[in-house]
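Note sheet for the following structure.
No value in this document is a laboratory result; all are computed from the given coordinates. Since the model is a prediction, treat every value here as computed from it, not as a measurement. Note that we place each Cβ from the backbone using ideal geometry, even for glycine, and neighbour counts take in every protein chain shown.
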Amino acid sequence: MQRAAPLATIAAAVRRERERLGMSLTELARRAGVAKSTLSQLEGGSGNPSVETLWALAVELGVPFSRLVDPPAAPVQVIRAGDGYVVHSEQAPFTAVLLSTCPPGARRDLHILNAEPGGTREAHAHIAGTTEHLVVIAGRWLAGPEEEPVELAVGDYIRFRGDQPHRYEALEPGSSAVLVMEHV
C-alpha cells in the first residue's frame, strides 16, 4: 500500500529551507505562486500539498524536490513493493514515488544482478562512504548487511551501507535485481 509523504517531514523541510534563506513566509508564497494560507498550513503540518505545489516551493528554495519529501535517512531502509511516499498531481493521473535521493558529490554505478539459489555472495566492505541500493525485479533475495540481511520480493527496495560486509543470496530460481552503488 503506497502512502503519502508524511506532512511532518514536509513541514519541517519547507520551514528549514525557507529559514536557511532568510525568506519570509509571505515572500516564499509569492515567489512560488502559492497562497500564503496554503504555505502556512503546510509549514504547520496540515493540508494536502500537490506535486505541483511542492515542485514550485523546491524551485524557489533552490533545493531538489526530494529534499522536501524524503525523511532523514536511516542506516538501512527497506521499501516493499507498493509502499513508498506518494505525491499526487493536481493536473493528471500521475504519482511520484521517491525511493532514494543522490547526495551532493555522489557517484553512482548501476548493475543488473542475476542469481540462482545455492550460494551466497558475501561482499567485503567497499570504499568508505559507499551505499548500496537494490530493487528486486525477479524472484526473491536475502540481501543487506552481513549481520542483518532482509528477505526481499519483486518490487522491494533496500538501501544499506556498502562500506561494511554485506551479502546477496537468491532464494528462487531466476532471481534478478537492479543494484546501484553510490560512492561519496
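Enclosing the Cα atoms of the chain in their convex hull gives a volume equal to 123 cubic angstrom per residue.
If you take all other residues with their beta carbon under 9 Å from the beta carbon of Glu43, and give Lys and Arg +1 and Asp and Glu -1, the sum is +2.
Quick check: net charge around Ala115, other residues with Cβ under 12 Å of its Cβ, Lys/Arg +1 and Asp/Glu -1? Spell out each step's value before the answer.
Values: positive: Arg121, Arg140, Arg167; negative: Glu116, Glu169, Glu172.
Around Ala115, the charge tally is 0.
Work the Kirkwood hydrodynamic radius out for the stretch 20-78: mean of 1/r over every pair of different alpha-carbon atoms, inverted, in Å.
Computed over Cα pairs of the stretch 20-78, the Kirkwood hydrodynamic radius comes out at 12.4 Å.
Other residues lying with their Cβ under 10 Å from the Cβ of Leu152 contribute a combined charge of 0, Lys and Arg counting +1, Asp and Glu -1. Hey, in the GNM for the chain with a 10 angstrom Cα cutoff, which one of Ala128, Ala138, Ala13 fluctuates hardest? Maximum fluctuation in the GNM of the chain, among the listed residues, is at Ala128.
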